[in-house]
Every structure is written in C-alpha cells, then in structure tokens.
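See below for the structure under consideration.
The values are calculated or read from the model by the stated rules, or taken from the named source; none is laboratory data. Fair warning: this is a prediction, and the values are worked out from it, not measured in the lab. Quick reminder, even Gly has a Cβ in these numbers, built from the backbone with ideal geometry, and neighbours come from all protein chains shown. Remember, those area values only see protein heavy atoms, side chains included, never the ligands or the DNA or RNA. Shrake-Rupley method; radii C 1.70, N 1.55, O 1.52, S 1.80 Å.
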Amino acid sequence: MPDDQKYWEKVRSTIKKVSRSYGFERIDTPIFEYSDLFMASVGEATDVVEKQMYSFKSKGGDMLSLRPEGTAGVARAYIENGMPNLPQPVKLYYIGPMFRYEQPQAGRFRQFRQAGVEIIGDIDPIYDAETINAFVVMCRELGLQNINVEMNTIGCNKCRSDFRSQLLRYYKPRAAKLCRDCKRRIKESPLRLLDCKEEKCEQLKAHAPNLIDHLCEECHSHFKSVLEYLDETEIPYSLNPHLVRGFDYYTKTVFEVFLEDEHIADGEEGGNEKTHRRSKMALGGGGRYDNLIRLLGGKDAPAVGAALGLDRVIGAMKQQGVKVPPLYKPDVFLVQLGALSKKKCLKLYEELRQAGIAVAESFGKDSIKTQLRAADRDGVSLSLILGQKEAIDGVIIVRDMASGAQETVPIEKVIKIIKDKLGK
Ligand code: HAM
C-alpha cells in the first residue's frame, strides 16, 4: 500500500547496499520452477512441499510450483549458468516474492517477500559467520533492536544417522504422547520431531537427546569455528540444540534470527496494571547446504545461505517505531486560478521539476482556499500562485506558507528565486 512504500524502499536499498558491500551480486530467478526442483531440494516430506506449495499443471503438462523459497532456484541457476567455472565461492543475493499456502495471520502471508544471500562453493566456516554477520548488519542498519541469533548444527549424513537411532530410542516408547504430525515424523523424518511447536511435544523435547553430543569430528570442529568467528564480532547469539529447520537440504550449521521484544500491554479487564509480555518472532533463518548442488546434478559445491522475511522486518520496524523518511517531500505547491493560468501550469510544473524543485499540485480544484489547504497538508514552505491576471502579466506570486507573506515576481525568474529561498 502507498503508506508502506517508504518502508519497502528503505528495506530494499539497505539490503542492496549491505549485500554489495559484502561482495554479493544480485540474482533474480523465476517465480515458478518445475515442482521436482523443490521436491528434490526442500524435500518431499517437508511441510513446505507437502502442504504449502502452490502447484499447477501447465498447458504443456509440466508440473510447476510457485517458489516457496529462494535457495533451490539459485542452486539450479548456479549449475545451469556456468557459475561452477567462476572463482569460488560465488556470492549471490536476491529480493523477491515467495509463496506458501499457510493459515494467514500476523507476520504469516501466502505471498511474502524475502531477501536472501547464498555463498556457494566453499566449506570454510568463516562463510557461515559472514552470512550471519551480513544479516545482523542489515537488521541493525534498518534500525532494529533486540536481535538474537539462535545457533545449532544438525551435522552431516554420517553423524545424523547415529543420532537418528538415538532419537528413535527415546521417542518410540513415548509415541502415544506425541501429536498426530509427530507420530508420522517418527517414521518419515525423526529429526523434525525436535521442530514441533505443539505443547505436548515441546515437553517431551526438553529431555530428548541433543545432536550436538553426537557430532562427528569434522562437524564438531566446523561448528566450534563458526562460534569462534561469531565471538570475534559483536553478534548476539545463543545455542538452541533443538533448532533443526524445516528443509531437507540443510547440513551442519543452522540458525534463525529472532526479534525478541518486550511489550507493555494494558492489564486484563481494563485494569490499570500494565503487563510485560515478551514476544519472539523469526525474522530470518538459514544454514549450510553442502550436498544440494551435487544432489541437483552439479559438481561438489558446499554452500551456506539465509533469507530474511521482509514483511516481518517491516512489521518489526513499525513496532519498534523506526523513523523512515517520506519518499517524496514537496518543496513548493503550484496553485492555479482561471483557465489561462491552468493551461500554463503543466509546463511550469515540468520546468520546476527539471530544476530539481519538488512540486505538488491539486490541479483539479479551482478554489484558491482548497488549494492552499492542500499545500498546508503537504507541508511545503512555499506556494506559487498563478492567477488569470498574473498569467497575462507574465508574473507569479510566491507565498511563504509560514508567515503568509507574498511577493510578485517575473515568471522567468521564479526558479532562481525559489532555489535561493530553499537554499538549493
Ligand atoms: P525460511 O526460514 O523458511 O528459510 O524463511 C526465511 C524467513 O522468511 C522466515 O524467517 C520468515 O521471516 C519469512 N517467512 C517464511 N514464511 C513466511 C510467510 N508465510 N509469511 C511471511 N514471512 C515468511 C528459507 O526460506 C531458506 N530458503 C533460507 C535459506 C537460504 N537457507 C539457506 N539459504
């Protein structure tokens, strides 16, 4: 909506600026792809693919899906466009709409926008830290406070298979106490048991084994290095051993960026007491995906990336009262009176605009009072009044909106006079 555009402009320009300054280049992938791409990368048994994808058959009989996330398309584009032959890693960023069939609610939409960064072609843990760092910097430059990053590692195929058996040993005897989805997860994707937000599953989760205790040597040292790099920056993070994230492509490091705010709300039943409520909202998340490029038919290219939910970022900016400048703030208002004057106004408007003066108008209104009221509303410091007589005499009235003082000046000098008055 128009009122929101100043936030979008600020968010887009900040993301572009920070991404470029960290060496990311822009990529735009198609909004829809073959459904198979998402099934293979995000995973067939994941909620996003199973329940939330907008899929349709094209006239030619292809199964296509609106992209639910950006990583799969970027990975495909990397393979198909010769990027493995570039110096590695290849660092890419994107901004665009994603689609998930979800129950709409605050901060959860069926069409939402993400900004993502992907670093493809290097396994060095410093890139995990750089990705997180770039994201936290973006949030900070957007004026957001109370950001925290939750960190975990989900290991590699080697350590995960051992951990899976441990999990099953814990969960199987307790299966009756799990929610319906988790009963299915025991069979299909046990790791995701740790991701469930249902109250009864949360309780069981508290005593479940942690993957961090079952990591192989390589995954252990990778995670340790990521945390050491983060310690060198001032990124606030905490460990969350139950963070697993919902996509199949992740390996090793996973993280989520949270906004942790305290709200002061009115007491219940209209009482005067204020209650303090803490809220926690995921602004973004990501992790390593060392096997995805190979899985999609490319050469071995370990990678790491993350995406920010921009609708949520803007919600957070509004919630925290971040001030954003208006997109257009007119300096002068052009008031016209009479047919001849109105005829001259379009051209004059353009001359003012070309001279770098921000102009506003209300050409459809004939009364001077209405037009000056509109000028007041726009908050301009000067109005230019061109009446019938002024149009004939080749002059124009310059009105100072604060004092109400008016002077009549030759029309050919008006641009210079205004520029002097505005200090431009
Ligand atoms: P994700 O955690 O699914 O990760 O999404 C990232 C962010 O997108 C979420 O934290 C949230 O802010 C926002 N988001 C997700 N669903 C919705 C929705 N329905 N409405 C509004 N905002 C939403 C990914 O998508 C991965 N591709 C991130 C990644 C990049 N991993 C590696 N590279």
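Tabulated data for the structure shown
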| item | result |
| --- | --- |
| Paramagnetic reach from residue 299 in the range 106-126 [backbone N under 19 Å; point 7 Å along Cα→Cβ] | 119-124 |
| Over the range 49-153, relative contact order from alpha-carbon pairs under 8 Å, at least 6 apart, % | 21 percent |
| Computed accessible area, residue 229, all protein chains, 1.4 angstrom probe, square angstrom | 80 Å² |
| Simple spin-label estimate for residue 347 and residue 417 in nanometres, 7 Å along Cα-Cβ | 1.9 nm |
| Helix 5-21 vs. the chain, principal-axis angle (Cα, 0 to 90°, nearest 10) | 60 degrees |
| Partners for residue 323 among lysines (Cα-Cα distance below 20 Å; same-chain residues under 8 apart left out) | 6, 10, 16, 17 |
| Most fluctuating residue given options 234, 202, 256, as computed from a GNM of the chain linking Cα atoms under 10 Å | 234 |
| For the range 332-422: relative contact order, % (alpha-carbon pairs under 8 angstrom, 6 or more apart) | 30 percent |
| Cross-link pairs beyond the 27 Å C-alpha cut-off, checked among 205/252; 158/224; 172/280; 342/413 | 172/280 |
| Gyration tensor over alpha-carbon atoms, the chain, equivalent ellipsoid semi-axes in Å | 55, 25, 21 |
| Gaussian network model of the chain, springs between alpha carbon atoms under 10 Å - residue of 398, 244, 90 with greatest fluctuation | 398 |
| Between 0 and 90°, nearest 10: helix 217-232 axis offset from the chain longest Cα axis | 30 degrees |
| Portion, in percent, of the accessible area of the chain that falls on carbon or sulfur, probe 1.4 Å | 49 percent |
| Accessible area (Å², 1.4 Å probe, nearest 10) - residue 260 | 50 Å² |
| GNM flexibility winner over the chain from 241, 89, 30 (Cα, springs under 10 Å) | 30 |
| Largest-first ordering by accessible area, 1.4 Å probe, given options 212, 15 | 212, 15 |
| By average C-beta atoms within 10 angstrom, highest first, the peptides 33-39, 280-286, 342-348 | 280-286, 33-39, 342-348 |
